[in-house]
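Have a look at the structure below, then the notes.
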Amino acid sequence: MCGYVGFKPDLERLLMAGGDFLLMPSRYEPCGIPQMIALTYGTVPIVHATGGLKDSVADVAATSDKANGYWVYPLNEAKMKEVLYAALDTYHNRKELHAMLQRNGMGCDFTWPRAVDAYERYFDYTLNDPPLYS
């Protein structure tokens, strides 16, 4: 286990590239970039299912074909232990599933062109949606 308080981009990349899991139990996270970096390196994120963490990490239990990590929800000690034990069990005893999580994570596309396409779809839908009241 490794922990670091502070910010050094080079160290962050080394930790992400060399880690098996990223534990990110943020109570509030509007976006979250560390889990995206972890996914790129094949490091499996374990996150609180909130905000951008929930948007970018697909839980192994809910969407196994696109799963790339684990959700902790609700965020409490018991659920955290449950999810950590499940992740470690997968790592040690279900290596094919762990490898699938890594592959799915490394295949994620968090680039701006994809995001712009999604925003355009939302704008088109909103502009073409008739008002509720005339």
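Of the residues making up segment 63-87, those that are more than 21 Å from residue 28 (Cβ to Cβ), exposed (fewer than 14 other Cβ atoms within 10 Å of the Cβ) and either touching a residue at least 12 places away in the same chain (Cβ under 8 Å) or not aromatic (Phe, Trp, Tyr) (or both) are 63, 64, 65, 66, 81, 82. In the set (1) within 13 Å of the chain's Cα centre (by Cα); (2) charged (D, E, K, R); (3) modelled with pLDDT of 95 or more; (4) closer than 23 Å to residue 7 by Cβ, the condition left unmet by residue 29 is number (3).
Identify, please: which residue in segment 104-131 is over 27 Å from the mean Cα position of the chain (by Cα) and acidic (Asp, Glu) and is, among those, farthest from residue 33 (Cα to Cα)?
129
Scanning segment 1-47 for residues that are in a loop (DSSP other than H, G, I, E, B) and within 16 Å of residue 108 (Cβ to Cβ) yields 31, 32, 33, 42, 43. Can you name every residue in segment 61-89 that is under 15 Å from residue 108 (Cα atoms) and in a loop (DSSP other than H, G, I, E, B)? Within segment 61-89, 63, 64, 65, 66, 67, 68 meet the criteria.
Within segment 70-79, the presence of at least one residue that is over 20 Å from residue 18 (Cβ atoms), of a type in the set (Lys, Arg), touching a strand residue (DSSP E or B) at 6+ places or on another chain (Cβ under 9 Å) and modelled with pLDDT of 95 or more is confirmed. Under the condition of being at pLDDT below 85 and acidic (Asp, Glu), the residues counted in segment 114-131 number 1.
The values are calculated or read from the model by the stated rules, or taken from the named source; none is laboratory data. Worth saying up front: this structure is predicted, and the values here are computed from it rather than measured. All Cβ positions, glycine included, derive from the backbone under ideal geometry; neighbour counts span all protein chains shown.
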